[in-house]
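What follows draws every value from the coordinates through simple rules; no lab data is involved. From a predicted model like this one, the values you see are computed outputs, not experimental measurements. Positions of Cβ are generated from backbone atoms using ideal geometry, with glycine treated the same way; all protein chains shown enter the neighbour counts.
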Amino acid sequence: MASHLCLPPLIDQEPPAFDIPWGSCDTHAHVVSANSKHFPFVPERSYTPPPAPETAYLQMLKAQGMTRGVLVQISVYGTDNRYMLDVLKRNREKLRGVAVVSPDISDAELVAMHEAGVRGVRINVLFKGGVGFKDMTRIAHRIKDMGWHMQFLMDVRQLPELLPHMEKLPVPGVFDHMGHMPVTEGQSSKGYQALRYMLQEHGWWVKLSGAYRISNNIYTSNDLTSWAQSLVNAAPDQTLWGSDWPHVHIARMVDTGKLRNQLPIWVTDTAVREKILVTNPEKLYGF
């Protein structure tokens with residue numbers, strides 16, 4: 001049984017510090033049902049989150065100024081995507097999803113997920129409850145004809161040794177949380193260079209999310225700003241933004257609004273910002 005109990009997200013958040021265009025999308029958040037009996041957590045998990053139900057999520061999205069959202073299956077549910085799918089079905093125009101699936105999932109289940117709004121599958125090697133690298137090739141071939149992508153929650157320090165396998169995947173890839181590698185490793189590191197290589201040479205995507213997971217000074221850190229700007233410059237047409245709400249498995253809760261207000265610091269060009277918030281998500285998730 002997981003012993004780490006997560007903090008709840010803050011109810012209030014800093015208001016937008018810039019004009020947020022219609023159609024903007026928060027591409028990374030999770031929902032957690034308040035009904036733990038009907039939607040139980042997997043026994044083998046890295047943490048135990050508090051409820052973060054549909055109503056709270058939609059309120060957060062509205063407060064963020066976002067028109068659309070993408071839900072990512074949280075690791076504590078394993079491959080039981082039922083709650084996320086329920087939320088997607090109730091918000092078909094507004095939301096899309098990224099599921100966690102077994103390589104043995106049936107074609108009928110994949111079709112049903114697509115109809116609900118799922119557009120990708122997540123590979124998670126950082127927290128218990130996810131599906132890891134050993135299954136990625138089989139799953140990629142299962143989803144390629146559906147136009148889905150594969151999303152990776154990984155520390156890109158692992159990426160150089162995995163490049164021969166990941167380069168051959170028949171679907172686009174998305175890196176969570178700016179590569180989930182400490183910014184102290186530096187942009188000359190092999191992991192960061194491999195990340196940029198996949199963006200530039202293979203058309204992969206990256207999420208500007210989870211800043212607090214890679215820097216200890218998330219609101220003012222110059223190295224974090226440079227990190228984000230380098231990724232945007234490498235692939236402005238394949239960069240996304242996400243809140244990572246409800247911010248699970250961290251020691252000190254963050255302000256979701258302050259996280260959103262980092263974006264105009266990282267991306268001063270309003271046209272590029274609109275790509276990141278509106279155009280790019282439309283292309284990847286099929287809004």
For peptides 62-69, 220-227, sequence by mean Cβ density within 10 Å, most packed first
62-69, 220-227
Cut-off 9 Å between beta-carbons: net charge of the residues surrounding G179, Lys and Arg +1, Asp and Glu -1:
-1
Specify the residue with the greatest mean-square fluctuation among N217, N124, N261, computed from a Gaussian network of the chain linking alpha-carbon atoms under 10 Å apart.
N217
How would region 113-228 be classified by its alpha-carbon gyration tensor: rounded, prolate or oblate, with rounded meaning a/c under 1.5 and the a/b versus b/c comparison settling the rest?
prolate
Counting Lys and Arg as +1 and Asp and Glu as -1, each charge on the Cβ, what is the dipole of region 114-222 about the Cα centre in debye, to the nearest 20?
160
Using only DSSP helix segments of four residues or longer, with each worth -39500 (n - 2.57), what per-residue ellipticity at 222 nm results for the chain after dividing by its residue count and rounding to 500?
-9000 deg cm²/dmol
Residue span K144 to S226: 0.36 nm per residue of separation minus Cα-Cα distance leaves a gain in nm of 26.1 nm
In nm, give the distance between the simple-model label positions of E14 and V42, each being 7 Å from the Cα along the Cα-to-Cβ direction.
3.5
Region 3-47 - Rg over Rh from alpha carbon coordinates, Kirkwood radius
1.09
Give me the one-decimal nm value for the distance between modelled label points at L7 and M253, 7 Å along each residue's Cα-to-Cβ direction.
0.8
